[in-house]
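Novice: Could you have a look at this structure, given as structure tokens, before my questions?
Bear in mind these aren't lab numbers, they're just calculated from the coordinates by the rules spelled out. Since this is a predicted model, take the numbers as computed values, not measurements. A quick note on method: Cβ atoms are made from the backbone with ideal geometry, for glycine too, and the neighbour counts reach across all protein chains shown.
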Number of protein chains: 2
Amino acid sequence: MRISELVERTGVPLATVKYYLREGLLPPGRAVGAKLSLYGEEHVRRLALIRALRDTAGLPLAGVRTVVAVIDEPSPDPVASLGRAVAALPPAIAEDRHGPYPRAAAVAREIGEHIDPESTAMAQLEDALAAAESVGLGISPERARCYAEHVRAMAEYDVAHVPSGEAARSIEHVVLGTALYEPVIAAMRRLAHQDVARSAGAGGVRAEAED
Amino acid sequence: MRISELVERTGVPLATVKYYLREGLLPPGRAVGAKLSLYGEEHVRRLALIRALRDTAGLPLAGVRTVVAVIDEPSPDPVASLGRAVAALPPAIAEDRHGPYPRAAAVAREIGEHIDPESTAMAQLEDALAAAESVGLGISPERARCYAEHVRAMAEYDVAHVPSGEAARSIEHVVLGTALYEPVIAAMRRLAHQDVARSAGAGGVRAEAED
DNA sequence: CTACGATAGATAGCAGAGCTATCCATGACA
DNA sequence: TGTCATGGATAGCTCTGCTATCTATCGTAG
């Protein structure tokens, strides 16, 4: 299809599509002569991906670039690629950051024994815990245990349902699942707060806990 | 304390503190004469709150303003205030947005029966589900059921542990808990993926699912 | 009592992200 | 043969979140 049709089908403005092409987020179309390129379904899908990562996952375009780079290239080292992609997801962590992460370590112990103490997610957890603590919302061991139990159960479902088969496809699934299911879970939790608060009774503090 | 001490204790640059004062995010100090104001512990806490909401929860300053406004004013209608505050949390939803939210409704049914179909969280869930779907990661009813179960369990813990007592304090707790525990849960989920993937065995697809 | 350094308040500038708009030359197509 | 979409380049624009500078004032040490 021509660029005008791509624009029409995705709803992304022409100037923006050109910008994404310039930035290398969207691969160039198949050139037909010097003044015409044709685009395919993969361009439609890529645009949807860019918008989803940007709008829903809140990724800056630099992060989108990292993620699509991992998805595009037939990665020689899948584990390393995956690490890079997930590290590009928000919240941002300084590259030279490293442990120890005391708060995170305590919580991680509740989750499992096979956690790399230097992974980006540890730094993210440490920051999140420190921020909560700094405003008087420190997480009790009991709460950590509760969250750990349920988060682990969801992760078990996730891992069991990663499509087996081609490695590239699995990686894409894991990266996008991490990025795009997080907002889903967050929204579901807000709804659950509503529901639980209303179920618990109509008056007092609990009724105020509606979203 | 003087402004210089406030700067020193929080690590926030002087120019930035002045900016927050200008923007009304930080209440003015107690004026002592025309050229000196004194600040207290509440200013230290407020600065920590602003930075936590901005850096960890990813709130734009306009959203921080909304949240602190709700926390500050002794709200006449707690439920309404709470709704405004939680609606200010990312991801952003257009003010005039309204249902129906078909994808979200299907998932919400798994969570509970007491959900307001017009709440902001429904719109957020709808967008998140649509985004996931648009890149081929639509959520199966089975997955929705799994997530709903565990999210609800966490929400039950949360609601049961909201401090009872003064309403203002409860509201603050709920708003900040919503905003600041989401990143905690997200990071924990990433760690759980790591752990489950490694526990499941060393080779093949599952080993690639490390973060 | 005086000089110095901190302060309040105002204003201007700046950097990065993410577009958006314009221009031009070309070439497809009617 | 004329018109219009296209590719390619470049410039500019808006918003957010600071940062820097200037000035007048004031508390306080010497």
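Novice: Using +1 on the beta carbon of Lys and Arg, -1 on that of Asp and Glu, and nothing else charged, what's the dipole of region A:1-56 about the Cα centre, debye to 20? All intermediate terms of the calculation are to be shown ahead of the outcome.
Specialist: On the way: 10 positive and 6 negative charges, 27 e Å.
Taking the Cα centre of region A:1-56 as origin, the dipole is about 140 debye.
Novice: Here is a follow-up. Can you give me the Cα centroid spacing of region B:55-129 and region A:70-95 in angstrom?
Specialist: 31 Å
Novice: Where Rh is the Kirkwood radius over the Cα pairs of chain B, the temperature 10 °C and the viscosity 1.306 mPa s, what D in µm²/s does Stokes-Einstein return?
Specialist: The diffusion coefficient I find is 79 µm²/s.
Novice: Moving to a separate point now. Please state, rounded to one decimal and in Å, the Kirkwood hydrodynamic radius that region B:91-161 gives when every pair of distinct Cα atoms enters the mean of 1/r.
Specialist: On the way: mean 1/r = 0.0773 Å⁻¹.
Mean inverse Cα-Cα distance, inverted, gives 12.9 Å.
Novice: Which is farthest toward the positive dipole end of region B:1-56 among B:50, B:39, B:19, measuring Cα position about the Cα centre, with Cβ charges +1 (Lys, Arg) and -1 (Asp, Glu)?
Specialist: With unit charges placed on the Cβ atoms, the residue in question is B:19.
Novice: Kindly state, as a whole number, the per residue volume in cubic angstrom of the convex hull around the alpha carbon atoms of region B:1-112.
Specialist: Hull volume over Cα atoms, normalised by residue count, gives 147 Å³.
Novice: So, one more: Order of B:157, B:101, A:19 from fewest to most other C-beta atoms within 10 Å?
Specialist: Arranged by neighbour count, lowest to highest, B:157, B:101, A:19 become A:19, B:157, B:101.
Novice: So what's the Cα pair-distance distribution over the protein assembly as shown, bin width 20 Å, in %?
Specialist: Histogramming the protein assembly as shown at 20 Å steps yields 25, 55, 19, 1 percent.
Novice: Mean separation of Cα pairs under 8 Å and 6+ residues apart, divided by the residue count of chain A: what relative contact order is that in percent?
Specialist: Worked out over chain A, it gives 15 percent.
Novice: Something else about it: Quick one: the Cα spread of region A:1-56 along its three principal axes, in angstroms, biggest first?
Specialist: Projected onto the principal axes, the Cα atoms of region A:1-56 cover 37, 21, 19 Å.
Novice: Using θ = phi - 60° and the Karplus form 6.51 cos²θ - 1.76 cosθ + 1.60, what ³J(HN,Hα) does each residue of region B:125-132 get, whole Hz, x for Gly and Pro?
Specialist: Per residue, the Karplus-derived 3J(HN,Hα) values read 5, 4, 4, 5, 5, 5, 5, 4 Hz.
Novice: Now, a different point. Nearest 20 debye, what's the magnitude of the dipole of region B:1-117 about its Cα centre given +1 on Lys and Arg Cβ and -1 on Asp and Glu Cβ?
Specialist: 540 debye
Novice: Using the 10 angstrom Cβ neighbour count as an exposure proxy, how do B:114, A:43 rank, fewest first?
Specialist: B:114, A:43
Novice: Is there a quick way to get the dipole size of the protein assembly as shown? I mean about its Cα centre, with the Cβ of Lys and Arg at +1 and of Asp and Glu at -1; what is the value in debye to the nearest 20? Mind showing how you got there, number by number?
Specialist: Working: 46 positive and 58 negative charges, 228 e Å.
The dipole of the protein assembly as shown has a size of about 1100 debye.
Novice: Less than 17 Å apart at the alpha-carbon level, and either on another chain or at least 8 residues along: which aspartates and glutamates does that give for residue A:35?
Specialist: A:5
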